1. Order the peptides 139-150, 62-73 from the highest to the lowest mean number of other Cβ atoms within 10 Å of their residues.
2. At 7 Å along the Cα-to-beta-carbon direction for both Ser192 and Val103, put a label point, then send me their distance in nm to one decimal.
3. What length, rounded to one decimal in nm, is gained on full extension from Asn75 through to Glu16, with 0.36 nm per residue of separation minus their alpha-carbon distance?
4. Please go through segment 64-112 and write out the chymotrypsin sites (Phe, Trp or Tyr not before Pro) that DSSP classes as loop and that have at most 11 other C-beta atoms within 10 Å.
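Any read-out appearing in this document is the output of simple, stated calculations on the displayed coordinates, not a laboratory observation. Keep in mind it's a predicted model, so treat the numbers as computed, not measured. In this analysis, Cβ positions are derived from the backbone assuming ideal geometry, glycine residues included, and neighbour counts consider all displayed protein chains.
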Amino acid sequence: MNEPSVYTQLRDKAEEQLLTGSTSSPSQWSVGVDALRLLHRLSSDPDNADDALKLLHELQVHQVELDLQIEEITNNERAVAEELSLYRKLFDFAPLGYLLVDVEGNIIQGNLAAAELLGVEPDDLEGHPIATFLPVRSRPLLLGLLERIAQSGDRDGCLAEAGRGAQGSRHVQFLASLPPGGEHILLACCESGNADISG
């Protein structure tokens, strides 16, 4: 036996709500002037009174279906917004640095931990080449990593010196991956106690 379609389920739910009087917002319903004229004309003729009742019922069912669809859309939008907020917090406040860069190494997005490792404010990351936050001697290490990832699609990593400003530079472990079909490289980074940055 076939499963009922979404439309059949929606109509059945609307019919049930009308039958039990449990519709959520009947006060908001509005029937157009043309529909009211048609209903009046049909109901004035005894031969068409049944048609008028059927039409009125169809209009009511249709309105309840619309109300149910609006309620579902609203609930879905709320759920998506909550999920997006959760993932935004997970990204922004993660204890590890996360960066999204293009294959040339331009930063598209970065979190708070990444900004701290690179010695800048979070607002100073977006749109800048990541290499500008590394000493000249470490730039080939990270740019080479990005090139390897862009070509192979494999995960890989490197140890490089990064950071500037009052805190100075530090040794940072960069781990990179390219999602399937992705155009951007994901970089995770954390401070490393290892002083060997020869690659």
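1. Values: 139-150: 18.2, 62-73: 14.9.
Top of the packing list down: 139-150, 62-73.
2. According to this spin-label approximation, the distance is 2.5 nm.
3. Values: separation 59, 0.36 × 59 = 21.24 nm, distance 2.08 nm.
So the extension gain works out to 19.2 nm.
4. Working: sites: Tyr87, Phe91, Phe93, Tyr98; in loops: Phe93.
Filter output for segment 64-112: Phe93.
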